[in-house]
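In what follows, a structure is listed as C-alpha cells, so that the remarks can point back to it.
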C-alpha cells in the first residue's frame, strides 16, 4: 500500500483502472446482442448461449486464485501483461472455433486471461489513501455503468457490421492498446523488487489467513449478493427481451442504456452518502433499495409482462447495488491491505463464482426467467443483510500491520 503516492501516480492509476473497466465490458456486455447469432452459428438454443457466460466466469474466477498472490510477490504490471496475452489467445480461439465445445473452451481461456482485471482492487489499495479508496471504487463502478449503458448499442452495431465476431475483434484491439500502455506509460506502477520476488510464496497459507477470517468473507459475500442481481439480469436479459418479448436489438439496447444510466445515478448517491454515513449504514440502505425492487418486480409481473415491468425494478435494483458493492468491498479490502493482491483475488473469486452460479440457475430454472430473477433478488437481499451483519469486524478495521495477526 502507498498512502503517499504522488499525484502523477494516482492519475496514471486512474487512467489504467478506467481502461481496465472499459475493456472488461466486452466479454459479457458487448456480446449480449450477439446471442441469437451465436445460437445460430453453433446450432444451439439461445438459453444455452448463457453457458458461454458461465464458462467465462469459471476461467475468470480460477485464474484469480493464482494472479492475486503472484501479483503480491512479483508486482501488478507483470501479471497484467501475462493476463492480457492469455486473454488474446482466448479471443483467437473464439474466432477460430467451429463447434459449440471449442468456443466454450476458448471462452474459459479468455476468462482466465481477463482474471488480471481483478487487480483493479489491489491497485486502488496500493495507490490511494484510505479516504480516497471508496470514492475511487464508486467512480469505477459508475464508469462500468456508463460502459454498460453504451455497450449494447456498440454490440448491436458490431453485430450488424461484423457479425458475432465483431466484439472479439474490438476486444483484441483494445487489449493490445492497454498492453502497450502498461509497458510504456505506467512507470509509477512498478514490479516488486528482487528481494520480494525471491521470498517463498505459500498460496495455501496466504489464502487460509484470508478466507478463515469471517468478516472478510462475509463482506465480499454481501457484495456478491448485490453483484449477482446485476449479473443474473445481464445473463437472462437477452432471453427476456429478444426471445420472450421479441423486441428488436435496438430497443433492447435502449433499455440497457437506461439500466446503465442507473449506475451513474447510484454512483452520485453513493458518493454523497459515503461522506456522511458509515459503511454499514450505506450497505443497509442499498440492500433495502434492492429488496424493494424485487418486491416491485414480483408485483408487476402478476399483471402483464412488458419492457416496463422488467426495466423499472432493475433500474431501482441497480441504484441499491451501487451503494452496496463499493462499501462492502472497501471494508473487506481494509482487512488485509498488506495482501491486497490475494485479498482482491479471493474477493473476486467469491463474486464471480456466486454470480456465475446464479446465472446458470436462473437460465435453467423451471420458472420463467423474470419470475426466477425477481424471487432471487428478494432472497439475495435477505442473505445480504445476514452476510453484512457477520461482515462487521470486532473492534477497529484491520490495517496493514494488524490484519495478519489479529485473528
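The values are calculated or read from the model by the stated rules, or taken from the named source; none is laboratory data. Only a predicted model underlies this, so the values are computations on that prediction, with no experimental measurement involved. Cβ: placed from backbone, ideal geometry, glycine included. Neighbour counts: every protein chain shown.
Data overview
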quantity	calculated
Residue match in the stretch 169-178 (condition: at pLDDT 55 or above, within 24 Å of residue 348 (Cα to Cα) and part of a loop (DSSP other than H, G, I, E, B))	no
Residue in the stretch 286-298 that is more than 30 Å from residue 245 (Cβ to Cβ) and buried (at least 24 other Cβ atoms within 10 Å of the Cβ) present	no
Flag for residue 223 being surrounded by 23 or more Cβ atoms within 10 Å (Cβ to Cβ) and touching a residue at least 60 places away in the same chain (Cβ under 8 Å)	yes
Subset of the stretch 355-372 [touching a helix residue (DSSP H, G or I) at 6+ places or on another chain (Cβ under 6 Å) and either crowded, with 23+ Cβ neighbours inside 10 Å or assigned to a helix (DSSP H, G or I) (or both)]	355, 356, 358, 359, 360, 362, 363, 369, 370, 372
Test: residue in the stretch 209-218 that is at pLDDT below 80 and either surrounded by fewer than 17 Cβ atoms within 10 Å (Cβ to Cβ) or part of a loop (DSSP other than H, G, I, E, B) (or both)	no
Count - residues of the stretch 91-123 that are farther than 13 Å from residue 55 by Cβ, more than 15 Å from the chain's Cα centre (by Cα) and either outside any loop (DSSP other than H, G, I, E, B) or in contact (Cβ under 8 Å) with a residue 24 or more places away in the chain (or both)	6
Whichever residue in the stretch 364-407 is over 11 Å from residue 291 (Cα atoms) and under 21 Å from the mean Cα position of the chain (by Cα) and, among such residues, is modelled with the lowest pLDDT	373
Residue tally, condition within 10 Å of residue 348 (Cβ to Cβ) and either buried (at least 19 other Cβ atoms within 10 Å of the Cβ) or out of contact with any helix residue (DSSP H, G or I) (no Cβ under 9 Å at 6 or more places or on another chain) (or both), over the stretch 60-78	6
